[in-house]
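*Asks:* I have a structure I would like to understand better, so I am pasting it below and will then ask my questions one at a time.
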Amino acid sequence: MLSRLLVSAAVAAASLAGFVVSAFAQAPASYPLKPITLISPFPAGVTGELLFRGLAESASKHLSQPVIIESRPGGSATLGPAAVAASKPDGYTVGQVAITSFRLPYMQKTSFDPVKDFTWIIHLGGYSLGAVVLADGPFRHWKDVIAFAKANPGKFTYTTIGPATTNAIAMELMARHSGVKFTHVPGKGGGEGIAAVLGKHVMMMVESPAWAPMVAAGQFRLIMMLGPKSTKWPDVPTLKELGYTYEFDSPFGLAGPKGMDPAIVKKLHDAFKLAYDDPKVIDLYDKFDFTRRYMNTADYAAFVPKLAAEEKAALEKLGLAKKD
């Protein structure tokens, strides 16, 4: 009997020791002990993914562990954030969260709440969004698009990565404002969108500057910017210059699942802030015409509920919000 008790005590002690070692191994002071996965909601090779690849590479140096990009495109760029929200809050899975994550949950049922289900780490900027057509096609200016759409209701086609994107919502708002109807053809973005325009499967691509090399090569014509005036393409009109009363920003940042340890959040924030200020990363912002707009953890967390409320109100106004 005594021997059984001694064995049981030894097993219990060993289990407790294992628990202590395991807990110590996961302590914030020792984080990170293994590679970190950064989920991108975009296909490999598009500008958003390339920017975060550069950020991840730079942040890896400051974390002394690789930050590995994993692309999970789809769902209007919300499949990636959904995977992040469903992950363990141990700091080893984080992801880029784009503006669509603040729209789709108010348009349809999703697996995450944009305000409650994330730990906000660092806000990193916004997208420049533009509309391109074939350079040798019939549309030289936006007024040509509107004239065609009026003469051919529903026959003007454009592609974006999904109906909840800033790009698609902007196009639908402009259609309503101008009294015309466009036909949206959702795709995966990047190379697929470029191929769709080149193959004349759609008439326009509306996206961040994955199209920039095609514009530089003279194959595409950039006919408008959805946001502020671009320093890279200063002669291209903005929506306000085309007579609309709005412009579109598309903010993005880095987040993890809810419940992350503040000490781990700080390590990630500090590493990605250093990456944000890395000259090589600054060059990527310039190359792809991203807006640089940093917010620390506290400011980003305070910004999120306001952004979500604004997006929900805008969708309700447009009649695009889901019915409760």
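The values are calculated or read from the model by the stated rules, or taken from the named source; none is laboratory data. All values derive from a computational prediction rather than experimental measurement. Don't worry about glycine lacking a Cβ; one is built from the backbone with ideal geometry, like all the others, and counts go over all protein chains shown. What goes into the accessible areas is simple: the full protein's heavy atoms, side chains included, and nothing from ligands, DNA or RNA. Shrake-Rupley method; radii C 1.70, N 1.55, O 1.52, S 1.80 Å.
*Asks:* Divide by every residue of the chain the summed helix terms, -39500 (n - 2.57) for each DSSP H run of at least 4, and state the resulting mean residue ellipticity at 222 nm, rounded to the nearest 500 deg cm²/dmol.
*Replies:* -13000 deg cm²/dmol
*Asks:* Under the 0.36 nm per residue contour assumption, what length would be gained going from the current alpha-carbon distance of D299 and L242 to full extension?
*Replies:* 17.2 nm
*Asks:* Rounded to a whole number of µm²/s, how large is the Stokes-Einstein D of region 192-241 at 4 °C and 1.567 mPa s, given Rh as the Kirkwood radius over C-alpha pairs?
*Replies:* 112
*Asks:* Sticking with this structure for a sec: Work out from phi, with θ = phi - 60° and the Karplus expression 6.51 cos²θ - 1.76 cosθ + 1.60, the ³J(HN,Hα) of each residue of region 154-168, listed in order in whole Hz, and give x for Gly and Pro.
*Replies:* x, 8, 7, 10, 9, 10, 9, 8, x, x, 8, 6, 4, 4, 5
*Asks:* Sticking with this structure for a sec: Out of all DSSP beta bridges in the chain, what portion is antiparallel? Express it as a percent rounded to 5.
*Replies:* 60
*Asks:* Let me test this: with uniform point scatterers at the alpha carbons of region 141-214, what is the Debye-based log₁₀ I(q)/I(0) at q = 0.12, 0.24 1/Å?
*Replies:* Rounded to two decimals, the profile gives -0.30, -1.13.
*Asks:* What is the dipole size for the chain, taken about its Cα centre, with +1 at each Lys and Arg Cβ and -1 at each Asp and Glu Cβ, in debye to the nearest 20?
*Replies:* My answer is approximately 520 debye.
*Asks:* Something else: Debye calculation, C-alpha points only, no solvent: report log10 I(q)/I(0) for region 182-291 at q = 0.12, 0.15, 0.19 Å⁻¹, in the same order as the q values.
*Replies:* Here log10 of I(q) over I(0) equals -0.61, -0.85, -1.10.
*Asks:* Separate question: Please list, in chain and number order, the residues 5+ apart from V185 or on another chain whose amide H is under 5 Å from its amide H, with Hs placed from the backbone.
*Replies:* Under 5 Å from the amide H of V185 lie the amide H atoms of Y158, T159, T160, each far enough along the sequence or on another chain.
*Asks:* What distance in nm separates the simple spin-label points at E172 and H201, each placed 7 Å from Cα in the Cβ direction?
*Replies:* Distance between label points: 2.2 nm.
*Asks:* Measure off, as a whole percent, the carbon and sulfur share of the 1.4 Å-probe accessible area of the chain, all protein chains present.
*Replies:* C and S fraction of accessible area: 60 percent.
*Asks:* Now for a different question. Enumerate the amide H contacts of L134 below 5 Å, restricted to partners 5 or more residues apart or on another chain; note that Pro and chain-start residues carry no placed amide H.
*Replies:* R221
*Asks:* Next up: What residues have an amide H closer than 5 Å to that of S71, excluding those fewer than 5 places away on the same chain, when H is modeled at 1.01 Å from N in the peptide plane?
*Replies:* Those lying under 5 Å, H to H, from S71 are S40.
*Asks:* I need the phi-derived Karplus couplings for region 134-148: 6.51 cos²θ - 1.76 cosθ + 1.60, θ = phi - 60°, integer Hz, Gly and Pro marked x.
*Replies:* So the J values, rounded to whole Hz, are 5, 5, 9, x, x, 9, 9, 9, 4, 4, 5, 5, 5, 4, 5.
*Asks:* Taking a threshold of 18 Å on the Cα-Cα distance, which of the pairs K109/K322; K61/K266; K150/K240; K150/K181 fall above it?
*Replies:* Those over the limit are K150/K240.
*Asks:* Can you tell me the FRET efficiency between I282 and A151 if r is taken as the Cβ-Cβ distance and R0 is 51 Å, rounded to the nearest 0.05?
*Replies:* 0.65
*Asks:* Convert each backbone phi in region 56-71 into a coupling constant with the Karplus relation 6.51 cos²θ - 1.76 cosθ + 1.60 (shift: θ = phi - 60°), then list the ³J(HN,Hα) values in order as whole Hz, x for Gly and Pro.
*Replies:* 5, 4, 5, 5, 4, 5, 8, 9, 6, 8, x, 10, 9, 7, 10, 7
*Asks:* Suppose all protein chains stay in the model; what accessible area per residue would a 1.4 Å probe give for region 188-244, in Å²?
*Replies:* 44
*Asks:* Any chance you could run the full-extension gain for A263 through E316? It's 0.36 nm times the residue separation minus the Cα-Cα distance, nm to one decimal.
*Replies:* Additional length available on full extension: 15.3 nm.
*Asks:* Do any of K34/K267; K188/K317; K188/K280; K232/K312; K232/K280 go past 22 Å between their Cα atoms, and which?
*Replies:* The pairs that break the limit, which is 22 Å between Cα atoms, are K188/K317; K188/K280; K232/K312.
*Asks:* On average, how much accessible surface per residue is there in region 104-153, in Å², for a 1.4 Å probe, leaving out ligands, DNA and RNA?
*Replies:* 44
*Asks:* Please provide three numbers in whole Å: the alpha-carbon extents of the chain along the principal axes, with the largest listed first.
*Replies:* 94, 47, 35
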